[in-house]
Amino acid sequence: MLGILALQDAGFILGGYAITFAAIGTYTWRVMSNGRKLAEQIDDSDKYWT
Amino acid sequence: MTTTPTIPAEQPAATRRAGTGTTATRVLGIAMVVTMGWLVAFGLGFSPADRDQEDAVRILYVHVPTAWVAYLAFIVTAVGSAMYLFGKKHSLGFDRFAGASAEIGVVFMALTLVSGMLWGKLTWGVYWQWDARLTTTALLFVSYIGYLAVRGLGGSHQQRAKRSAVVGLLVVLEIPLVHFSVKMWRSLHQDASVLDSEGDVSMDGLMLFSLFVGVVAFTLWYAWILLHRTRVMAMEDMLDDHGLDRALDARRAEAEEQS
């Protein structure tokens, strides 16, 4: 694992991966928490996926 | 609308399903997490450094897949828009599918630009150049932000669907411009990463596999979050409709009291 830090320009490469995963993680969290909040207010019979 | 009214309950709140998940999304989610792990292992570990770009080439394994998913998402938006606009029922389900896909596409397009800037700094020495590929990509990104802004304008769901479907069908025409910009103009940006000018695969086997893992991982994530986001949009619309119904009822009651 520490080998990754020995990559040339590790800051840029790891930064690129970190930004990508952080962005999709944040978006996922936002969608899922919004979904949980809204699902509490609606009957299951109105949710077409149930 | 700032408040989200609760639809009158027939079912006790405690027994309602807690989210937007189903067995299919859970299976998709597990497959996505596994392939994301592979992407990190192959992208940062197992794949070799490039002869010319050395380790900087590892950014390719996130940059190209995010661009691919952004294109895919925008094409799905156009397909959803066409299905809404030209379908007999003008189903809002297609509109929500298109809107969710565009939102995800914008996230991926932003990531393409950011990872491309980091890669550009390493290979060209600058974060940004007003080069044909970079400029057309930025234009595509701004166009889809515009599409999302159009979705956010007021009016009924059908009005939203109709106007955003028209925009969705127009802005997708920019994708060929972005893709072929490196051929149409002299560009700093490299040509296609996988195929050379004669259509042969020009990448090392392990590099190609790492790129393939990246494409699969991000495509799975796209499919997974698209299902969830579409369901969240359906619930937002449902609560929005109910809020409007309640406001109309209140107005009618008020008018009856006065007469």
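Listed values, structure above:
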item	result
Inter-centroid distance (Cα atoms) of the range B:82-121 relative to the range B:27-46, Å	23 Å
Stokes-Einstein D (µm²/s) once Rh is taken as the Kirkwood radius of the range B:46-138 over alpha-carbon pairs, at 37 °C in 0.692 mPa s	220 µm²/s
With every protein chain in place, the protein assembly as shown: carbon and sulfur % of accessible area (1.4 Å)	65 percent
Inter-site label distance for B:Asp204 and B:Asp240 at 7 Å from Cα along Cβ, in nm	5.0 nm
More than 31 Å apart - percent of Cα-Cα pairs taken over the protein assembly as shown	39 percent
Of every Cα-Cα pair in the range B:140-185, the percent that sits beyond 18 Å	37 percent
Residues losing 50 Å² or more accessible surface upon assembly, the range B:98-125, compared with the chain by itself, 1.4 Å	B:Leu111, B:Leu118, B:Leu122
Between A and B, accessible area buried - total, square angstrom, nearest 100, 1.4 angstrom probe	4000 Å²
Value of Rg to Rh for chain B (Rh from inverse mean 1/r over Cα pairs, i.e. Kirkwood)	1.08
Cβ-derived FRET efficiency at R0 51 Å, B:Leu170 paired with A:Leu14, nearest 0.05	0.85
0 to 90° range, to nearest 10: angle between helix A:10-39 axis and chain A longest Cα axis	10 degrees
Phi-based couplings in Hz for the range B:104-113 (Karplus 6.51, -1.76, 1.60; Gly and Pro marked x)	5, x, 5, 4, 5, 5, 4, 5, 4, 5
The range B:71-184, Rg to Rh (Cα coordinates; Rh as Kirkwood inverse mean 1/r)	1.06
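The values are calculated or read from the model by the stated rules, or taken from the named source; none is laboratory data. Because the structure is predicted, anything quoted here is derived from the model rather than measured. Virtual Cβ from ideal backbone geometry, glycine too; neighbours counted across all protein chains shown. All accessible areas refer to the heavy atoms of the entire protein, side chains included, with ligands and DNA or RNA removed. Shrake-Rupley method; radii C 1.70, N 1.55, O 1.52, S 1.80 Å.
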